[in-house]
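Structure first, commentary second.
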Amino acid sequence: MIHNDLEASIFPNPTTNCLQIYSNSVLKNIYLFDAKGTILETISNLNSQNSSFDLGHYSPGIYFLKLESASGSKTIRVTKN
């Protein structure tokens, strides 16, 4: 059985620029995907419960942030205005 105890919040969502990420676990990696599932950006070896992610240089649309920690992973839909 796989346990996924990762809880995270991202705001503001929708956003125009920078997202703030807060987690109950130490995040290891963050991946940004477009709506087609293509990886656009990766932050590896983060080792922090809090982070920020700048979407300012991306076009408006729907994106997905996948957060990974030792506790599990979580994918959150993000709207860029």
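Each peptide in 11-20, 43-52 was scored by the mean count of other Cβ atoms within 10 Å over its residues; highest first, the order is 11-20, 43-52.
When Rg/Rh (Cα atoms, Kirkwood Rh) is calculated for this entry, the matching label among (i) 0.95; (ii) 1.29; (iii) 1.00 is (i).
Here the relative contact order of the chain, from alpha carbon pairs under 8 Å that lie six or more residues apart, stands at 36 percent. Using a 1.4 angstrom probe and counting only protein chains, how large is the accessible area of VAL26 in Å², to 10? Using a 1.4 Å probe on the heavy atoms, I get roughly 60 Å². Per residue, the solvent-accessible area of the chain (1.4 Å probe, heavy atoms of protein chains only, all protein chains present) comes to 58 Å².
Taking all protein chains as shown and a probe of 1.4 angstrom, ASP54 keeps an accessible surface of around 80 Å².
Using the Cβ of SER23 as centre and a radius below 13 Å, the other residues enclosed give a net charge of 0, where K and R count +1 and D and E count -1.
Backbone amide hydrogens, once placed in the peptide plane, bring SER69 within less than 5 Å of LYS28, excluding anything fewer than 5 places away on its chain.
The values are calculated or read from the model by the stated rules, or taken from the named source; none is laboratory data. Just so you know, these numbers come straight off a predicted model, no measurement behind them. So basically every Cβ, Gly included, is an ideal-geometry build from the backbone, and we count neighbours across all protein chains shown. Calculation scope for accessible area: heavy atoms of the full protein, side chains included, ligands and nucleic acids excluded. Shrake-Rupley method; radii C 1.70, N 1.55, O 1.52, S 1.80 Å.
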